[in-house]
Structures are given as structure tokens and as C-alpha cells.
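The values are calculated or read from the model by the stated rules, or taken from the named source; none is laboratory data. Every value quoted in this text rests on a predicted model; they were computed, and no experiment measured them. Cβ: placed from backbone, ideal geometry, glycine included. Neighbour counts: every protein chain shown. Only protein heavy atoms, including side chains, enter the accessible area calculation; ligands, DNA and RNA are left aside. Shrake-Rupley method; radii C 1.70, N 1.55, O 1.52, S 1.80 Å.
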Amino acid sequence: MTQVSARASWDICTGVSRDTVNNQGLGSKLRDAAPAVEEAAETYRAAALTSSLHALRAQDFQIAGVPNRKVSDIVYESGMRAGPGRVIYEEVMEGRDEDLCPMCRHSEVSELDHVLPKKAFPALCVAPDNLVGICEFCNSKKSDVTSDDARRVLLHPHFENVSTDVWLAAEVIPGTKGALRYFVDPPSHWDPVLADRVRNQFEFMEMATRYGSRAQQTLGGMRRIFDTQLKKSGATGLMAYLKELAASHQADDLNGWAGVAYDAWAEDADFCRGSFNGTGTPAAGGRNLGLRNYKITWVRNKCRHTSAVRYSVAAVGDYADLKRAEEGVSDVRIVPAR
């Protein structure tokens, strides 16, 4: 992340704004707002450091005498994206340790997001602390969504780090050739609010479906290797091989979908006996009847959620049972996708 202050960023992005006969001194109004912008950024940073962004109110982050949309269009769009502040934009996008999106750890970073929406919180529209590079999917899902519920606030990539604890888990769905169900399994020492926030972000960003699809793609390319390992050293040898792969991936990312996938496959006795090839003696009694696309919906916190899945006829029922067992979930419905 860039080391440019919010005040400096604002000064740079408003420096070319001019007063004209028709704009009622707009350029001066924007430049004169710099002290208020600096104070707003300090308030924002203090809230981010204490995980209390949900307590901030949009009315406290306005620019006096200038409509929100005009601030966004002039200061961010013209001043930063297409103006002298472009260098700050690029520093934020490039100033990351990794290329993966910090919101989902799944896709590559491609867009700049405002943690608090620029049109609702215009004083923060070019504050570097409020700018995060994320992927197109997460940016689209996140949109301008905010919450005053502490349990539903998305994690702030600049100020909150849950990567040092293992919280992501997966298990082989019974009746499949290794299809995985990903879920959040927070450590016992986590604060309940943090645990709920991670669960909410996991669900909101559809990470279970996205990780499951990636794992299926990986499994398709690894089946031949797994089969060779199984024939060479038996189920115990394959399990050890999978554990080595898991450890290698988890050394780089404890909660990466790949490391968790290899670990889940290693922990499944049927998988290690060959169920990934439709051989062995699967615990589900050989119920893999072929994969189909389904749409599953459920209600949580009075809101209906939708996800697309690809499982066998039997396994999608198991998936539904697992979904029903999740805390706060009701009215789970499954229909074949058209």
C-alpha cells in the first residue's frame, strides 16, 4: 500500500480543479475541504484499527457544499483514475505482497475497490487506507454494500489479518469421486464476532462454490498421478503423498484452497483407496450416479441466498443436509439448474 497520506492524495487529486463562472467555485470548495478530509481519514483509520468501521456514519464524511456524486466524479474519476493521482492508484494496485485477491484468496487482483463506498463517504474517495486492490468478482459482489452490524462487516485487508490461524476446512462429499465441501471452522480462541465475520465473508463471496470448482479442476488433472501413486504404494502411501502436497501448499498459505483440498483428500479413507477413480469401496455405497448442475437456495438472517453446485444426485442431498445443519440456516431448497 502507498505511503501517501490522505491529505496529500486529496491535494494531488483536486489540484487541477478550477473555479468557473458556472460551477460556483467548485475547485476552491474541494481544495478548502482538505483539512476536513484529513480529519475524516484519521477517524476512519482509528475505526479500522479497532474493527469498528460499522459505527461510522456517512453524514460525517461529506464535503460541504458539494454533492456526493460530483465529489466522486471530479476527485476520484478525473483526479485519480484519469488525472495526476493516477500514480497513487497504481501504487495501491501494485503495492501488494501477492497477486491474489485479499477478499477471497481465489482470483487475481484486477480492480480498485473502496472499502467504504466513495459516493456515500466522499471524504474518503481518494484516501489510500480506504482503497484496496481486489478481483472483479469480489468487487462486483461487494458493490456499495455496508453494514452497521459488526458481525457482517467484511474484513479490511489493510488492517485485519486472519492468515496466521487455520480457519478453512473441507471434506469429501459422500458419493462423489472426491468433490469437496468447503466450510469455515474457526479456532476456539477467536472472538465470536470475528468468527461470524469470517463466516459471513466466506458465504457472501461464494467461496465454498468457487473453491470447490477449483478443487474439482485440480482433481481432474491429478487423478492419473494419484492412481499411479496408489498402485505403487497403496492407500497408506497415497495418503502420505497427499499430506506432503498439503503441507507444501499450506507452508505458503494456511488457508489456501489447494492445501486444504489435499488435506481433505488425505483424510478420506475411501479417496485414498481409489474412490477418486470410481474404484475401491466407497463409504457411500457407490452412489455416484453422475454429476449434474443444481441450484441451491437457503435463508439466513431473513435473506435468501443462492449458489450453483455440481454434484451427483445422491451427493447433492448430502450437501443440502450439511447446509441445513449450519447455524441460522433455514428453508433449504434444491432444483436442477436449467
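Quick look at the values:
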{"item": "Close pairs from region 74-87: first in contact (Cβ under 8 Å) with a residue 24 or more places away in the chain and under 11 Å from residue 127 (Cα atoms), partner among the charged types (D, E, K, R) and open to solvent by 70 Å² or more (accessible area, probe 1.4 Å), Cβ under 8 Å, at least 6 apart", "result": "80/86"}
{"item": "Residue 50 within 21 Å of the chain's Cα centre (by Cα) and of a type in the set (Val, Ile, Thr)", "result": "yes"}
{"item": "Residue in region 160-168 that is of a type outside the set (A, V, I, L, M), without any contact (Cβ under 8 Å) to a residue 60 or more places away in the chain and either closer than 26 Å to residue 46 by Cα or surrounded by fewer than 18 Cβ atoms within 10 Å (Cβ to Cβ) (or both) present", "result": "yes"}
{"item": "Subset of region 309-338 (residues that are within 25 Å of the chain's Cα centre (by Cα) and modelled with pLDDT under 70)", "result": "309, 310, 311"}
{"item": "Total residues in region 89-101, condition open to solvent by 20 Å² or more (accessible area, probe 1.4 Å) and part of a loop (DSSP other than H, G, I, E, B)", "result": "5"}
{"item": "Some residue of region 14-23 being assigned to a helix (DSSP H, G or I) and out of contact with any helix residue (DSSP H, G or I) (no Cβ under 7 Å at 6 or more places or on another chain)", "result": "no"}
{"item": "Pair list, Cβ < 6 Å and 6+ apart or interchain, from region 235-258 residues that are closer than 14 Å to residue 169 by Cβ to residues that are open to solvent by 60 Å² or more (accessible area, probe 1.4 Å)", "result": "254/166; 256/249; 257/214; 258/249"}
{"item": "Hits in region 218-247 (condition: under 32 Å from the mean Cα position of the chain (by Cα) and among the β-branched types (Val, Ile, Thr))", "result": "218, 225"}
{"item": "In region 242-255, the residues that are small (Gly, Ala, Ser) and at pLDDT 95 or above", "result": "246, 247, 248"}
{"item": "Yes/no for residue 31 being modelled with pLDDT of 90 or more, open to solvent by 70 Å² or more (accessible area, probe 1.4 Å), in contact with a helix residue (DSSP H, G or I) (Cβ under 7 Å, 6 or more places away or on another chain) and closer than 30 Å to residue 150 by Cα", "result": "no"}
{"item": "Breaking point among (1) outside any helix (DSSP H, G or I); (2) out of contact with any Cys (no Cβ under 7 Å at 6 or more places or on another chain); (3) not β-branched (Val, Ile, Thr), for residue 104", "result": "(2)"}
{"item": "Restricting region 152-196 to residues that are in a helix (DSSP H, G or I) and either touching a Lys or Arg at 6+ places or on another chain (Cβ under 6 Å) or among the polar types (S, T, N, Q) (or both), the residue that is farthest from residue 256 (Cα to Cα)", "result": "193"}
{"item": "Output for region 318-333, where each listed residue is open to solvent by 70 Å² or more (accessible area, probe 1.4 Å) and part of a helix (DSSP H, G or I)", "result": "321, 324"}
